[in-house]
Amino acid sequence: MTGPPARARRSDATRAAILRAARERFAADGYDRATIRAVAADAQIDPSMVMRYYGSKEGLFAAAAEFDLHLPDLAQVPAEQLGETLARHFLRRWEADGTLVALLRAASTNPGAAERMRGIFAGQLATAVARSGADPTTAARRAGLVASQILGLALTRYVIRLPPVVELAPDELAEWVGPTIQRYLTQPFPPSQASAG
């Protein structure tokens, strides 16, 4: 007898096979060159099954790609260097890791990719900011402000490719952006904002 539990197990196995194949294919070919057909062939299933479970290439990428921001331990960074340290770190990550740029592109149009991006920044960045010595009642809000700066910079430099931003060397950008991030991390909130938590 093959009732719902057996069907659910097959469904789970199919999803796992698709994700395994997608991770390998995205790693080997990159986001732009990887195709749904290639992933389906690697998983030995029909391409329609990939679309059934993940809806689109962007949705598949968001589900399959694993992202670790490799954030520095901000507890070990002098307080006056927090902003520039984070700016330099993120610029190195964006420059070296095309999957983050691909996720940012996908997040602008795909709800699954947007949720993945929110989860990455809310989890990893908020944890790092909390360890920086920020007041725990404002750490999440501070992390959100830092993320707005980092994601905005990445969007203009790597997706929209705004010439004045693209033309700046990473070190120059870090010097420009670092003080803003520093302010987000260390400046006291206005009394009305601090009490809002």
By residue number, the members of segment 35-59 that are modelled with pLDDT under 90 and open to solvent by less than 20 Å² (accessible area, probe 1.4 Å) are Gly59
Failed item, numbered, when Arg116 is tested on (1) at pLDDT below 90; (2) open to solvent by less than 40 Å² (accessible area, probe 1.4 Å): (2)
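Go over the candidates Glu66, Glu24 one by one and state the one that is part of a loop (DSSP other than H, G, I, E, B) and open to solvent by 40 Å² or more (accessible area, probe 1.4 Å). Outline the logic, then answer.
On the way: Glu24 fails: part of a loop (DSSP other than H, G, I, E, B).
Result: Glu66 is the single residue among Glu66, Glu24 that is part of a loop (DSSP other than H, G, I, E, B) and open to solvent by 40 Å² or more (accessible area, probe 1.4 Å).
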Helices (runs of 4 or more DSSP H) (entirely within segment 88-197) containing at least 3 residues that are touching a residue at least 60 places away in the same chain (Cβ under 8 Å): 98-107, 139-154, 170-186
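If you go through segment 30-80 one residue at a time, how many are of a type in the set (Phe, Trp, Tyr) and either closer than 15 Å to Arg20 by Cβ or without any contact (Cβ under 8 Å) to a residue 24 or more places away in the chain (or both)?
The qualifying residues number 3.
Among the residues of segment 125-146, how many are among the aliphatic types (A, V, I, L, M) and surrounded by 21 or more Cβ atoms within 10 Å (Cβ to Cβ)?
Let us first name the residues in segment 125-146 that are among the aliphatic types (A, V, I, L, M), namely 125-126, 128-130, 134, 139-140, 143, 145-146.
Going one step further and asking which of them are surrounded by 21 or more Cβ atoms within 10 Å (Cβ to Cβ), we end up with 125, 128-129, 134, 143, 146.
Number of matching residues: 6.
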Quick one: is Gly83 part of a helix (DSSP H, G or I) and modelled with pLDDT under 95? no
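The values are calculated or read from the model by the stated rules, or taken from the named source; none is laboratory data. What you see is a predicted model, and the numbers here were worked out from it, not measured in a lab. In this analysis, Cβ positions are derived from the backbone assuming ideal geometry, glycine residues included, and neighbour counts consider all displayed protein chains. The area values use the complete protein model at the heavy-atom level, side chains included, leaving out ligands, DNA and RNA. Shrake-Rupley method; radii C 1.70, N 1.55, O 1.52, S 1.80 Å.
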